[in-house]
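Written below as structure tokens is the structure these notes are about.
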């Protein structure tokens, strides 16, 4: 799998840099460029609007379809890498989308669109996305789905698309949408407008969605973060019966903690509580330097040990709260005696341990 970068290069990626679900090997994702304009929405659940003020990693409110470079980028990939399957992501479909634009994207060589649909009810979509433009996508969606393979993302938000999830998926199937992905809304302490789903709601959505998928033929995807909230997240690896020869700790988010304990039964796994976002965000990719340091402070001081961090917590060379990788590594080594390594996925951890001489 690849991402097509702004400088017209292919960057190899893994599924953990997308939604964590299994993807086709020939996929190339085209995200928004820096020239992309705003999404035209003010969604109740938008993660960009519920970040702590101390967060230094900023993402603009852009939309891939509001990118003047989009057709040129698609055409370049189509011409130079004809064997790849081209997908556009990061779009709400509220701006820059009409029948003429759909034809333009088709002529450029686009294969697939991943759209933040959320609901098929116009009034609810307008209210959820807080945009008067949000209703028009529902009328366009059948044409879009006849032209491209469409993945519909749904951020499950109580009061908007949970109770009627079955009807929403039936609507999407009738519009020829190929796939729907269900993501429970994430709520930090800085968002008072929505609440997380209860366990009963998660179970209801999962069972209903899978039943409707079986009945209609639309592909229903339950991503890892959804499964983790139900305690059902499993990876097809391990367990690894390895025991390092030096003090070693694997740090991860609260959601992945049970599965990493299963995969590495002989290595201490430590769940880092994400206080930066308010204590109820458990994904490893949103861990911060300050929360990691607070957790490492509780580890025993050693002459030489090893701390393993999730690579997904680094954005470029920094954490979300501004620590550079070098600064974080240095502080942990000087203050507690642990060298620091990172891994993008659990299967890499044995190789990392071997590289540093821990096994």
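Read-outs: derived from the displayed coordinates by stated rules, not from any lab. This one's a predicted model, so the numbers in the text were calculated from it and none came from an experiment. Glycine also receives a Cβ, built like all others from the backbone with ideal geometry; neighbour counts cover every protein chain displayed.
On C-alpha positions alone, give me the angle between the axis of helix 199-216 and the longest principal axis of the chain, in degrees, nearest 10.
50 degrees
By how many degrees, 0 to 90 and rounded to 10, does the Cα axis of helix 99-108 deviate from the longest principal axis of the chain?
With rounding to tens, the tilt is 60 degrees.
Which value in deg cm²/dmol, rounded to the nearest 500, describes the helix-derived mean residue ellipticity at 222 nm for the chain, given -39,500 (n - 2.57) per DSSP H run of n ≥ 4 and division by the residue count?
-9000 deg cm²/dmol
Calculated FRET efficiency, residue 8 and residue 356, Cβ-Cβ r, R0 35 Å, to nearest 0.05?
With a Förster radius of 35 Å, E is 0.45.
Evaluate E = 1/(1 + (r/R0)^6) for residue 101 and residue 193, where r is the Cβ-Cβ distance and R0 equals 22 Å; express this FRET efficiency to the nearest 0.05.
Step by step, r from the Cβ atoms, then E = 0.10.
What is the projected area of the convex hull of the Cα atoms of the chain, averaged over all directions, in nm²?
18.0 nm²
Can you tell me what the convex hull of the Cα atoms of the range 102-207 projects to on average, as an area in nm²?
7.3 nm²
Please determine, in degrees from 0 to 90 and to the nearest 10, the orientation of helix 70-80 with respect to the longest principal axis defined by the Cα atoms of the chain, where the helix direction is its Cα long axis.
Value to nearest ten degrees: 70.
Does the range 204-359 come out rounded, prolate or oblate, given a ≥ b ≥ c as the square roots of the eigenvalues of its C-alpha gyration tensor, rounded meaning a/c under 1.5 and, failing that, prolate meaning a/b above b/c?
In terms of gyration-tensor shape, prolate.
How high is the relative contact order of the range 2-229, given as a whole-number percent (alpha carbon pairs under 8 Å, six or more residues apart)? Working shown, then result.
Values: 399 pairs, mean separation 42.1, N = 228.
The normalised contact order for the range 2-229 reaches 18 percent.
What spacing in nm lies between the two simple spin-label points modelled at residue 234 and residue 326, each 7 Å away from Cα in the Cβ direction?
For residue 234 paired with residue 326, the spin-label model returns 4.5 nm.
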